[in-house]
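Some notes on the structure that comes next.
Read-outs: derived from the displayed coordinates by stated rules, not from any lab. Computed from a prediction, not measured in an experiment: that's the story for all the values here. Here the Cβ positions follow ideal geometry from the backbone for every residue, glycine too, while neighbour counts run over all protein chains shown.
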Amino acid sequence: MTLGLYILDGQTPVEEPDLLKWGEWMEGADRHVRDTFRDDVRVSTVFLGLDHSYGDGPPILFETMVFIGGNGGGEQERYCTWAEAEEGHANMVAKIFKATPILRLPVKADNDL
């Protein structure tokens with residue numbers, strides 16, 4: 001039985017069967033794929049190190065989460081590869097920080113007509 005523990009070799013997840021080696025790697029590794037901040041909103045994508053597919057399909061090892069004011073905002077996506085995680089992060093940033101159209105101001109106020 002596999003423990004579902006992974007470390008990164010560059011951007012490639014590699015299964016790590018030794019719990020102590022995995023723990024040491026997790027303790028010192030920079031697991032961030034991308035971080036995007038605007039005001040009090042943060043979109044963070046990280047390598048999880050644990051397979052979140054729980055044996056049902058390919059390992060799910062990356063996650064994007066939205067934090068608002070330091071708390072989770074409810075938005076979350078998970079991915080299998082680094083490349084999927086980068087694409088997912090970009091999609092979440094576009095969704096969360098979508099452009100707000102500027103409203104056109106009226107030329108005259110209603111009482112000026």
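Structure summary
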item	result
Projected label distance in nm at Ala90 and Gln11, using a 7 Å step from Cα toward the beta-carbon	1.0 nm
Cβ-defined net charge surrounding Gly4, 9 Å radius [Lys, Arg +1; Asp, Glu -1]	-2
